[in-house]
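Below is one structure, written out as structure tokens, with a few remarks after it.
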């Protein structure tokens, strides 16, 4: 990684410096999604980004994930300014540094869990052998090693999200970015996913979760509140330990119905 | 990402949607097979026509006598004998573009074997006749120059006649038949030649020395040939020249002043064959053009499906970009998908095209002619269609913004 552009504090993973994002809707109409956000995230933190819709939290997420470039300001990722990289260079950064988890899972349909998890390695140019090994390892980490040949429509919602997390982890990223990861899950499965995130945080992966649910934010070590494109509150907290309650009949049935498992 | 991995990614994407991929390929399959089958049909027809004209004779010119004229009534070609044996000899020896020349005298007559009779065409000619018409002996032997010189009562028989007199598969050589009351020995059986372009059966004839024909079958004025002269030019390119040379020679020999109409006529069958072949060539081109249009429609089908597929798979493209696919990787994937569909369609189309061509050739009894260059062309064209029509959807997919793609509903 490049150094020297920015004096690195120990453990600083990323730093946003006065970042703005303006969307132009045509006819001179502009939307200021971010109005100067500065934020420093350290390695191993579990950050929850909260805010109402339109507060700019999703825009912040796409900038952090290198899916988009800021209109102004700088974004240092591991000491390197990535705010002016080309589309191709950003793709490489995403592939090597980021893992993404989405609200709607976004697994490739009619494709086995294993092949879904292998995808990032495919784009990283890993050999078939390495891909198979690492995909199985990642699936094992989320507890789905025995489901590796199942297709998404044969898995429950929680299982699909765990496959998506395995896919996000398979390239050994520094950051895991999750956009409303529990939005489509029942509360019990949500707690399972949060437990998994807390475990990843302990193993040194930085987790950033965008959510509008305070229940979910409670599991984070740090909460960033957004409003009208600005950070209005940023505090560290003692996280709630994610303990999965014992299963009840209603939960199982609810999970089956919600997840659409066979 | 290396090409092999790109290919695998594209193949997996295609296999995830087997029905759609199959239907997309169908357009190309039909287009390619149509091109191959149509061209094969056209080529087969062309060869069939060429064969028919070859059966008539190679580089054939027919020199015919003039017409009778009395009281303003003209009798038509050949009614007035004007060609002499001397004319024949000089055409054969003095014109450099002429390789063969044979007198052909013919008449219909009834012939009798011991048990049967049959009315057929009796031809009196020389040995050149068989060379001009590419007509070989199947069993026995041809009569010889000595037979012609001495006027022997021998003949060779066409297969139809042999079948009518002796039944199928019987070798008639050595047997004796009577023609106009005279006994003739059958010395040979001719190979089967089939039908003329007009449907006349070439094999329904017997051929004997011209001297014997004149002595026993049909006489005539001593110095004139009671029939026509078949001329074989040295090559297909020299038939027109031979025609002009013969015209000049005969006008000279007949002492015709310039401006006076010739007292003979020359028919050039090569020109007829050429015109006929041009006709089939036009048909071939027409069929190929129709087939090419269907190939083009197949290509547009690929573009349609891929465009729909790009829209339908917008989120997939977004996910792929989020986890590290570069725009050019997406471009490559969609291009390879298009190319794979087109080339696979092309290969299946070749198989189907050859199969259809075989069926058609079998049912029309045409020779099967699959042109290698057409196969290469059709597959090259389908690959070009894959790239050409795949490029726009692929480019569109690669230009997607990852965020927009991920949020696409």
**Item:** Total residues in segment A:101-143, condition within 17 Å of residue B:13 (Cβ to Cβ), more than 7 Å from chain B (Cβ to nearest Cβ) and in contact with a strand residue (DSSP E or B) (Cβ under 9 Å, 6 or more places away or on another chain)
**Value:** 0
**Asked** Given (1) surrounded by fewer than 24 Cβ atoms within 10 Å (Cβ to Cβ); (2) part of a strand (DSSP E or B), where does residue A:177 come up short, assuming only one miss?
**Response** (1)
**Prompt:** Right, residue A:85: away from chain B (no Cβ under 11 Å) and in a helix (DSSP H, G or I) or not?
**Reply:** no
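Matching residues to (1) more than 25 Å from the chain's Cα centre (by Cα); (2) outside the structural domain of residue B:280 (by TED's automatic domain parsing); (3) farther than 21 Å from residue B:29 by Cβ; (4) outside any helix (DSSP H, G or I):
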| residue | (1), (2), (3), (4) |
| --- | --- |
| B:353 | no, no, no, no |
| B:358 | no, no, no, no |
| B:361 | no, no, no, no |
| B:367 | no, no, yes, yes |
| B:384 | yes, no, no, no |
| B:390 | yes, no, no, no |
| B:394 | yes, no, yes, no |
**Request:** Would you please name the residue that is surrounded by the most Cβ atoms within 10 Å (Cβ to Cβ), looking only at residues in segment A:88-100 that are more than 7 Å from chain B (Cβ to nearest Cβ) and within 16 Å of the chain's Cα centre (by Cα)?
**Result:** A:99
**Asked** If only one of B:317, B:300 is in a helix (DSSP H, G or I), touching a residue at least 24 places away in the same chain (Cβ under 8 Å) and surrounded by 19 or more Cβ atoms within 10 Å (Cβ to Cβ), which one is it?
**Response** B:317
**Request:** Please find, within segment B:379-404, the residue that is nearest to the other protein chains (Cβ to nearest Cβ) out of those that are closer than 23 Å to residue A:106 by Cβ and buried (at least 22 other Cβ atoms within 10 Å of the Cβ).
**Result:** B:402
**Asked** For residue A:115, are the conditions met, namely being under 22 Å from residue B:312 (Cα atoms) and in a helix (DSSP H, G or I)?
**Response** yes
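Criterion first (under 22 Å from residue B:146 (Cβ atoms), in contact (Cβ under 8 Å) with a residue 24 or more places away in the chain and touching a helix residue (DSSP H, G or I) at 6+ places or on another chain (Cβ under 8 Å)) does residue B:190 satisfy it?
Taking the combined requirement at face value, the residue satisfies it.
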**Asked** Of all residues in segment B:246-271, which are more than 18 Å from residue B:230 (Cβ to Cβ) and surrounded by 14 or more Cβ atoms within 10 Å (Cβ to Cβ)?
**Response** B:251, B:253, B:254, B:256, B:263
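Yes/no matrix, rows are residues, columns are (1) outside any loop (DSSP other than H, G, I, E, B); (2) under 24 Å from the mean Cα position of the chain (by Cα):
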{"site": "B:138", "(1), (2)": "yes, no"}
{"site": "B:169", "(1), (2)": "no, no"}
{"site": "B:186", "(1), (2)": "yes, no"}
{"site": "B:199", "(1), (2)": "no, yes"}
{"site": "B:243", "(1), (2)": "yes, no"}
**Prompt:** What do you reckon, is residue B:341 under 30 Å from residue B:48 (Cα atoms) and in contact (Cβ under 8 Å) with a residue 12 or more places away in the chain?
**Reply:** no
**Message:** Pull out all pairs, ordered by first then second residue, where Cβ-Cβ is under 7 Å, the residues are six or more apart or on different chains, the first lies in segment B:1-18 and is facing chain A (nearest Cβ under 9 Å) and under 15 Å from residue A:128 (Cβ atoms), and the second is modelled with pLDDT of 85 or more and in a helix (DSSP H, G or I).
**Reply:** B:1/A:123; B:1/B:329; B:5/A:122; B:9/A:122; B:9/B:333
**Item:** Residue among B:287, B:306, B:295 that is at pLDDT below 85, in contact with a helix residue (DSSP H, G or I) (Cβ under 6 Å, 6 or more places away or on another chain) and within 30 Å of residue A:88 (Cβ to Cβ)
**Value:** B:306
**Complete:** With criteria (1) part of a helix (DSSP H, G or I); (2) surrounded by fewer than 21 Cβ atoms within 10 Å (Cβ to Cβ); (3) in contact (Cβ under 8 Å) with a residue 40 or more places away in the chain, residue A:61 comes up short on (2)
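The values are calculated or read from the model by the stated rules, or taken from the named source; none is laboratory data. Because the structure is a prediction, the values reported are computed rather than measured. As a convention, Cβ positions derive from the backbone with ideal geometry for all residues, glycine included, and neighbour counts pool all protein chains shown.
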